[in-house]
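Heads up, the thing below is written out as structure tokens.
Computed from the coordinates by the stated procedures, all read-outs in this text should not be read as laboratory data. All values derive from a computational prediction rather than experimental measurement. Note that we place each Cβ from the backbone using ideal geometry, even for glycine, and neighbour counts take in every protein chain shown.
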Amino acid sequence: MSRSLKAATAVGALLLATACGSSGTPSSAGGFNPPDLEAQKKLGKTEGKVNLIAWAGYVEDGSNDPKVNWVSDFEKQTGCQVSTKTAATSDEMVSLMKSGQYDAVSASGDASLRLIASGDAAPVNTKLVPNYKDVFAGLKNQDWNSVDGVPYGIPHGRGANLLMYNTKKVTPAPDSWSAVFDNASAHKGKVTAYDSPIYIADAALYLMKTKPSLGIKNPYALDQKQFDAAVQLLKEQNANIGEYWGDYLKEISAFKSGNSVVGTAWQVIVNAAQAEKAPVKAVLPKEGATGWSDTWMISAKAKHPNCAYKWMDWIISPKANAQVAEYFGEAPSNAKSCALTSVKDHCATYHAADEPYWKKVHFWTTPVPQCLDGRKDTKCVPYSKWVQAWTEIKG
């Protein structure tokens, strides 16, 4: 927890615009057809450097905290000098990748399909990433990191979007997202929600479980009628919102002060708020939840592809993956990392190996016109429309 807070502080507060993915089912991407690109067939001589785009806290070399460094050993062992551009949003990552100046990116699910569709990300040959064999099965071949069984990245870690509540103000303890939707008026002005268009999927997930007549099968695959229903629910919720949040340090502060009493949160936020004596608990609601899983993707224009492959293997190696998972506050992707965390119950706290838990989590992914639920007879609302609608929702 403290390491995660340091990671956030080091960049002036880590934006929650970080991670993203899809519903936790094997991918066919519903007819999504990316450009015809081939994965690298074998590793060649390393080029001496690698240029990365990453979320804050993912590529630490000791400059933010001398005790937090998994880059220097990589550089010594591979001869690849690491240069990192820290990005604040998925949109920034997509833009930077289009420049052709970077070799790899720690893409979230609301960016990954965009990078695949535009041809900016190349397929990945997992045989060139030895540590891939130890990645949790639930992270492989998913909608946000593969298309028709072809992998486009290496899983980095994952987390769920939980319902956090003030135990003194919100009683009885909620077990449903109705606390922030249909029953939000009970805490008018003190409800909080994640500030991003992808939050529309949270409303869609709630409707998927509470209004089956809408026929929602995947909260990221919404036809116009389904989309309109989710947007309407969020417009109604808006009347009860105290603030939308993107900086998790501010959410911790809001729950400590009582300005927020119920809303979405990450496990790291729950841990931090509890450590600071805020009277909060969190639950994975009965409807399930959205969540995120980041993926290291290699640029189709990579100038240093061999060093990029070495980096992808390194960052999911047991020790490095354990370090980044603790520092950032997430479940590691490598199953062997759990034995190496300094906090011995880290993986238990973050449900790292609890696959039944993750089956309830619908990981963020980029909504595209080709419906990700497999429907062929309709078009779904693309992410650009989600962005427009989010502006309307917030008024």
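Counting pairs of Cα atoms in the chain, how many percent are more than 26 Å apart?
Working: 38324 of 77815 pairs.
Tail fraction, whole percent: 49.
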Problem set entry | Other-chain or far-sequence residues with amide H under 5 Å of residue 354's (modelled H) | none
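In what order do 192, 366 fall by count of nearby beta-carbon atoms within 10 Å, going from fewest to most? Spell out each step's value before the answer.
Numbers: 192 24, 366 29.
Going from least to most buried by this count: 192, 366.
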Problem set entry | Pairwise FRET efficiency - residue 286 versus residue 228, Cβ, R0 = 30 Å, nearest 0.05 | 0.75
Exercise. Which order results if 113, 234 are arranged by neighbouring Cβ count within 10 Å, fewest first?
Worked result: 234, 113
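Kirkwood Rh, Cα Rg: Rg to Rh for segment 141-202?
Values: Rg = 16.8 Å, Rh = 14.6 Å.
Looking at segment 141-202, the ratio lands at 1.15.
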For this session: Can you check what the net charge comes to around residue 166, using other residues whose Cβ is under 14 Å from the Cβ of residue 166 (Lys, Arg +1; Asp, Glu -1)?
Result: +4
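With N residues in segment 63-217, what two-decimal value do you get for its Cα radius of gyration over 2.2 N^0.38 Å?
On the way: Rg = 20.3 Å, N = 155, 2.2 N^0.38 = 15.0 Å.
Here the Cα radius of gyration is 1.36 times the empirical estimate.
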Exercise. Once you list every other residue whose beta carbon is under 11 Å from the beta carbon of residue 233, what net charge do they have if Lys and Arg are +1 and Asp and Glu are -1?
Worked result: -2
Problem set entry | Nitroxide proxy distance, nm - points 7 Å out along Cα→Cβ at residue 392 and residue 41 | 5.1 nm
Exercise. Which value in deg cm²/dmol, rounded to the nearest 500, describes the helix-derived mean residue ellipticity at 222 nm for the chain, given -39,500 (n - 2.57) per DSSP H run of n ≥ 4 and division by the residue count?
Worked result: -9000 deg cm²/dmol
Problem set entry | Size of electric dipole in the chain: Cβ of Lys, Arg +1 and of Asp, Glu -1, about Cα centre, debye, nearest 20 | 320 debye
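What's the tally of Lys pairs in segment 66-139 whose alpha-carbon atoms lie under 25 angstrom apart, where the two lysines are 8 or more places apart or on different chains?
Details: 67/76; 67/85; 76/85; 76/127; 76/133; 85/98.
So the count of such lysine pairs works out to 6.
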Problem set entry | 167, 78 arranged by Cβ crowding within 10 Å, fewest neighbours leading | 167, 78
Exercise. Looking only at 76, 133, 385, which one moves most when the chain is put into a Gaussian network model with springs between Cα atoms under 10 Å?
Worked result: 76
Problem set entry | Most positive-pole-ward Cα, 339, 233, 285, against dipole of segment 229-345 from beta carbon charges | 339
Problem set entry | All lysines inside 18 Å of residue 394 as judged from Cα atoms, apart from same-chain residues fewer than 8 positions distant | 188, 190, 235, 385
